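Peer 1: Below you'll find the structure I mean.
The values are calculated or read from the model by the stated rules, or taken from the named source; none is laboratory data. These numbers were taken from a predicted model, which means no experiment stands behind them. Using ideal geometry, Cβ is built from the backbone for each residue, glycine included, and neighbour counts are taken over all protein chains shown.
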Amino acid sequence: MAVAEMGEVKGVLADFEPRIRSVVHASWVEFLDLQKARRFMYARTRANAYFDILAQNAIQEFEGDRHIRVLAKGSTVQFLFRERVLLRFKKANANGVGSNIETQEVLNFIDPQLNIPGLLPDVHRVEVCYQPDALGMQLQEVAVVARNRTKRVWAYPLEGGAIAEVIPLPARSPDEMPPTVIPKKRKKESKEQE
């Protein structure tokens, strides 16, 4: 099949978007709680920990829904919505598409000209890409993304607002004794400029 068509993908996913968004955001909150217990040394550990939480929560959310097939295989999981849209969750790279090592399985998914074994050839393949902010405290973007190999063809955001709790900082109280400023004395002008 050619690149996924946005209108058709939106039509299929419309009823599921609140649940998809909820899974992504709830998983992020759970991940932030995990980070409170332990700081991760490597960026890949953070990415893997969040993906593991996200995958488990997504399976729990969508398993048993007659309109969704959970396709867990190898080290990943994909979801087939209404037999029309195949979706996977990925951390976005700088191009706004899922970050991958190009294995044959990945190429089958990201190359719209290739077919995925066991699925109808006209299934739309999309990613729900999430992008953490620079501090790793909030999800800067969560979007449904269609790609052609390494290029982002189209995307639309899964709206929902920020999910990190904003903690107000206490106002600085005034010092009990403000600093004293003592002006410097001027040098006497050389004997009053004779």
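Peer 1: Please list, ordered by first then second residue, the pairs with beta carbon atoms under 8 Å, 6 or more apart or interchain, first in segment 32-44 and closer than 17 Å to Asp133 by Cα, second aliphatic (A, V, I, L, M) and at pLDDT 85 or above.
Peer 2: Leu32/Met137; Phe40/Ala49
Peer 1: Given the conditions (1) at positive phi; (2) surrounded by 18 or more Cβ atoms within 10 Å (Cβ to Cβ), which single one is not true for Leu139?
Peer 2: (1)
Peer 1: Would you please name the residue that is nearest to Leu139 (Cα to Cα), looking only at residues in segment 58-88 that are surrounded by 18 or more Cβ atoms within 10 Å (Cβ to Cβ) and touching a helix residue (DSSP H, G or I) at 6+ places or on another chain (Cβ under 6 Å)?
Peer 2: So the first thing to find is which residues in segment 58-88 are surrounded by 18 or more Cβ atoms within 10 Å (Cβ to Cβ), and the list is 58, 61-62, 68, 77-81, 85-88.
Filter once more, keeping what is touching a helix residue (DSSP H, G or I) at 6+ places or on another chain (Cβ under 6 Å): 58, 61, 68, 77, 79, 81, 85.
On the way: Ala58: 17, Glu61: 20, Ile68: 25, Val77: 21, Phe79: 22, Phe81: 24, Val85: 24 Å.
Across segment 58-88, the extreme among qualifying residues is Ala58.
Peer 1: Here is a follow-up. For Ala37, state whether it is surrounded by fewer than 15 Cβ atoms within 10 Å (Cβ to Cβ), closer than 29 Å to Glu83 by Cα, over 17 Å from the mean Cα position of the chain (by Cα) and hydrophobic (A, V, I, L, M, F, W, C). Give the steps one after another, and end with the answer.
Peer 2: On the way: surrounded by fewer than 15 Cβ atoms within 10 Å (Cβ to Cβ): yes; closer than 29 Å to Glu83 by Cα: no; over 17 Å from the mean Cα position of the chain (by Cα): yes; hydrophobic (A, V, I, L, M, F, W, C): yes.
Here the answer is no, as Ala37 does not meet what is asked.
Peer 1: Something else: Name the single residue that is farthest from the chain's Cα centre (by Cα) among those in segment 40-57 being among the hydrophobic types (A, V, I, L, M, F, W, C) and part of a loop (DSSP other than H, G, I, E, B). Steps first, answer last, please.
Peer 2: Just the residues of segment 40-57 that are among the hydrophobic types (A, V, I, L, M, F, W, C), to begin with: 40-41, 43, 47, 49, 51, 53-55.
Among the residues that remain, those that are also part of a loop (DSSP other than H, G, I, E, B) are: 40-41.
Values: Phe40: 18, Met41: 20 Å.
Once the filter is applied, the top-ranked residue is Met41.
Peer 1: OK, next. Within segment 58-70, does at least one residue satisfy the condition of being of a type in the set (Lys, Arg), at pLDDT 85 or above and assigned to a loop (DSSP other than H, G, I, E, B)? Show your work before the answer.
Peer 2: Going residue by residue through segment 58-70, those that are of a type in the set (Lys, Arg) are 66, 69.
Checking which are at pLDDT 85 or above leaves us with 66, 69.
Going one step further and asking which of them are assigned to a loop (DSSP other than H, G, I, E, B), we end up with 66.
Yes: segment 58-70 contains one or more residues that are of a type in the set (Lys, Arg), at pLDDT 85 or above and assigned to a loop (DSSP other than H, G, I, E, B).
Peer 1: For segment 147-194, which positions are at pLDDT below 65 and either of a type in the set (Phe, Trp, Tyr) or surrounded by 10 or more Cβ atoms within 10 Å (Cβ to Cβ) (or both)? Steps first, answer last, please.
Peer 2: Residues of segment 147-194 that are at pLDDT below 65, as a first pass: 160-169, 189-194.
Within segment 147-194, Gly160, Ala162, Ile163, Ala164 meet the criteria.
Peer 1: For segment 72-97, enumerate the residues that are of a type outside the set (Lys, Arg) and over 17 Å from the mean Cα position of the chain (by Cα).
Peer 2: Just the residues of segment 72-97 that are of a type outside the set (Lys, Arg), to begin with: 72, 74-81, 83, 85-87, 89, 92-97.
Of everything in segment 72-97, those that are of a type outside the set (Lys, Arg) and over 17 Å from the mean Cα position of the chain (by Cα) turn out to be Ala72, Gly74, Ser75, Phe79, Leu80, Phe81, Glu83, Val85, Leu86.
Peer 1: Name the residue that is modelled with the lowest pLDDT, counting only residues in segment 46-57 that are out of contact with any strand residue (DSSP E or B) (no Cβ under 8 Å at 6 or more places or on another chain) and not polar (S, T, N, Q). Spell out how you get there, then give the answer.
Peer 2: In the first step, residues of segment 46-57 are kept if they are out of contact with any strand residue (DSSP E or B) (no Cβ under 8 Å at 6 or more places or on another chain); the result is 46, 48-49, 52-53, 56-57.
Now narrow it down to the ones that are not polar (S, T, N, Q): 46, 49, 52-53.
On the way: Arg46: 86, Ala49: 93, Asp52: 95, Ile53: 96.
Filtering first and then ranking leaves Arg46.
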